[in-house]
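Engineer: Sharing a structure with you now.
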2 protein chains.
Amino acid sequence: MATKPASEGAEAGAERISEAEHAVMEALWQRSPQTAAEVCDTVCAERGWSMPTVKTLLSRLVQKGVLDTQPDGRRFLYTPLIARSAYVGTESRRLVERLFGGRAAPLLAHLAEAEALTPDDIAEIERLLAEMKK
Amino acid sequence: MATKPASEGAEAGAERISEAEHAVMEALWQRSPQTAAEVCDTVCAERGWSMPTVKTLLSRLVQKGVLDTQPDGRRFLYTPLIARSAYVGTESRRLVERLFGGRAAPLLAHLAEAEALTPDDIAEIERLLAEMKK
DNA sequence: GGCTGTCGATTACATTTGTAATCTGAATGC
DNA sequence: GCATTCAGATTACAAATGTAATCGACAGCC
């Protein structure tokens with residue numbers, strides 16, 4: 001890569017999303033596009049935030065290149081640029097990497113030990129494994 | 001809770017451990033107790049840190065109540081006060097909670113999809129499941 | 001057409017985190 | 001005993017994060 005691309009740090013999803021920002025993303029993954037006010041309806045109730053807080057988080061997410069804006073009259077509609085599954089995958093792998101040296105089995109063992117696995121989970125995991133082995 | 005307990009924020013493990021701090025904990029979980037210099041031997045190489053950085057992180061971990069110190073001549077020996085498995089369990093559950101609404105199965109599904117599961121992992125997970133069902 | 005409310009944008013500010021330099025006091029070498 | 005050295009402690013400081021107030025512009029009401 002000789003010539004650096006003009007768009008400075010704009011690869012969608014490259015930036016790290018903080019926990020507060022994640023709450024906002026979650027709202028937008030649930031439904032999009034939404035206005036800032038709509039997002040606030042959801043997250044302000046959940047987290048006890050005020051409107052300005054949500055505005056800030058939205059701005060930062062736009063800056064980070066993970067939200068797209070389109071004008072709608074005088075306000076903006078916000079849409080995620082990265083899929084939830086991509087984010088979730090990245091975060092999961094990051095954790096497995098950091099805590100279990102990349103091996104997923106110990107993770108499961110820990111969850112099992114912590115009784116974080118319901119019988120339903122177990123059944124579903126078995127189903128998944130069966131499918132993977134096909 | 002009428003009367004607040006006297007010990008101000010001293011419950012071991014209640015505090016959040018940052019990622020840099022985690023690297024230090026990891027070294028001490030590997031072997032303990034260790035002096036600051038010994039910890040540095042490990043992590044400074046891994047992360048390109050300098051001694052003062054390690055000192056700071058150690059101090060913060062002591063403050064947070066997750067490391068214990070015992071004097072050894074003129075230096076300190078540092079020992080973890082929380083078990084690695086406890087930390088790992090907390091972090092795992094936090095992630096599962098945040099990303100999958102507490103259900104572990106979708107986590108596994110994501111790891112599977114991301115090919116983060118080796119055949120060994122799969123075998124071991126099956127073994128775990130079998131054991132849990134007993 | 002001016003007032004008011006409503007947007008997004010800008011600015012603010014405390015806390016946490018990452019990374020480190022400097023200070024201070026005790027041990028050690030001579 | 002006194003200088004040197006080597007601990008931990010204190011201080012520093014920029015970036016990221018959490019949380020929000022304020023500003024400036026435009027839309028709609030009267």
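Only the coordinates and a few stated rules stand behind these numbers; no lab work does. Here the structure is a predicted model, which is why all the values come from computation and not from measurement. Every residue, glycine as well, gets a Cβ built from its backbone with ideal geometry; the counts of neighbours run over all protein chains shown.
Engineer: Add +1 for every Lys or Arg and -1 for every Asp or Glu among the other residues with Cβ under 12 Å from the Cβ of A:R94, and state the total.
Structural biologist: Result for the neighbourhood of A:R94: -1.
Engineer: Taking each pair of different alpha-carbon atoms in the range B:84-133 once, compute 1/r for the pair, average those values, and report the inverse of that mean as the Kirkwood hydrodynamic radius in Å to one decimal.
Structural biologist: One over the average 1/r among Cα pairs gives 12.0 Å for the range B:84-133.
Engineer: Would you mind listing the distances between the A:D41 label point and the same position in each other copy? Use 7 Å along Cα-to-C-beta, nm, one decimal, shortest first.
Structural biologist: 6.2
Engineer: Against the globular-protein guess of 2.2 N^0.38 Å, express the Cα radius of gyration of the range B:19-80 as a ratio, rounded to two decimals. Before the final figure, lay out each step's value.
Structural biologist: On the way: Rg = 10.3 Å, N = 62, 2.2 N^0.38 = 10.6 Å.
Normalised Cα radius of gyration, the range B:19-80: 0.97.
Engineer: What's the minimum Cβ distance from chain B to the axis relating it to A, in whole Å, and which residue gives it?
Structural biologist: Whole-Å result, nearest residue of chain B to the axis: B:L95, 3.
Engineer: Hey, another quick one. Fewest to most neighbouring Cβ within 10 Å: what's the order for A:C40, B:C44?
Structural biologist: B:C44, A:C40
Engineer: Next question, about the same structure. Grab the eigenvalues of the alpha-carbon gyration tensor for the protein assembly as shown, scale each by 5, take roots, and send me the semi-axes largest first in whole angstrom.
Structural biologist: 35, 28, 21
Engineer: Distances from B:A130 to the same residue in each other copy, label points 7 Å out along Cα→Cβ, in nm, shortest first?
Structural biologist: Once sorted, the set of distances for B:A130 reads 1.6 nm.
Engineer: Next question, about the same structure. GNM on chain A, C-alpha springs below 10 Å: top fluctuator among A:L111, A:L58, A:L77?
Structural biologist: Largest GNM mean-square fluctuation: A:L111.
Engineer: Which translational diffusion coefficient, to the nearest whole µm²/s, is obtained for chain B from the Stokes-Einstein equation, given a Kirkwood hydrodynamic radius over C-alpha pairs, 25 °C and 0.890 mPa s?
Structural biologist: So the translational diffusion coefficient is about 140 µm²/s.
Engineer: If the elastic network links every pair of Cα atoms under 10 Å, which of A:P71, A:P33, A:P80 fluctuates the most in the Gaussian network model of chain A?
Structural biologist: A:P71
Engineer: Also, quick follow-up: If I build a Gaussian network model for chain A, linking alpha-carbon pairs within less than 10 angstrom, which residue out of A:G102, A:G89, A:G73 has the largest mean-square fluctuation?
Structural biologist: Its mean-square fluctuation being the largest, the pick is A:G73.
Engineer: Pairs of lysine in the protein assembly as shown with Cα under 23 Å and at least 8 positions apart or on different chains: total?
Structural biologist: 7
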